[in-house]
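What follows is a single structure, written as structure tokens, with notes after it.
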Amino acid sequence: MPKEPTKLSVEEIQSHLKTRPNWEVDNGMLQRRFTFPTFPATMFFACAVAHLAEVGQHHPDLNISYNKMAVRFVTHAAGGITAKDFEMAQKVDELWNTFDWKPTNG
């Protein structure tokens, strides 16, 4: 049986954030915001993130508004942010870095 993820301490979260500089903690969730050149680009990236989440069996909240998207991870079963959230954040970063149409990070 797989081990349940453990909620990270504030200190552990701060340490992990040093490796994910574009991410922040907002309202108890690990979050990164993205800006895209077009609505279709936003939706394409959202679908790619959804695929990563399905493969990783760890699903984020996505907040989409035309050419902006926020990706938020939290492990509900642990009651907060876990190492799994940071693992998925890394995968989203890797995905983002494969695209050449990104105008800004923000």
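A few remarks follow.
- Looking across segment 16-43, the residues that are of a type in the set (A, V, I, L, M, F, W, C) and within 11 Å of Met69 (Cα to Cα) come down to Phe34, Phe36, Phe39, Ala41, Met43.
- Selection of first residues in segment 14-28 that are more than 16 Å from Glu94 (Cβ to Cβ) and without any contact (Cβ under 8 Å) to a residue 12 or more places away in the chain and of second residues that are open to solvent by 70 Å² or more (accessible area, probe 1.4 Å) and in a loop (DSSP other than H, G, I, E, B), restricted to Cβ pairs under 9 Å at least 6 apart or on distinct chains, gives an empty result.
- Sub-7 Å Cβ pairs linking a first residue in segment 30-49 that is farther than 28 Å from Gly79 by Cα to a second residue that is part of a helix (DSSP H, G or I), at least 6 apart or interchain, are Phe36/Thr42; Phe36/Phe45, ordered by first then second residue.
- Filtered residue count, segment 1-11, keeping only those that are open to solvent by 100 Å² or more (accessible area, probe 1.4 Å) and modelled with pLDDT under 95: 4
- Output for segment 14-52, where each listed residue is out of contact with any Leu (no Cβ under 9 Å at 6 or more places or on another chain), among the aliphatic types (A, V, I, L, M) and under 19 Å from Ala83 (Cβ atoms): Met29
The values are calculated or read from the model by the stated rules, or taken from the named source; none is laboratory data. These numbers come from a predicted model, not from an experiment. For neighbour counting, all protein chains shown are included, and Cβ atoms are generated from backbone atoms with ideal geometry for every residue, glycine included. To get the accessible areas, we keep the full protein, side chains included, count just its heavy atoms, and leave off ligands, DNA and RNA. Shrake-Rupley method; radii C 1.70, N 1.55, O 1.52, S 1.80 Å.
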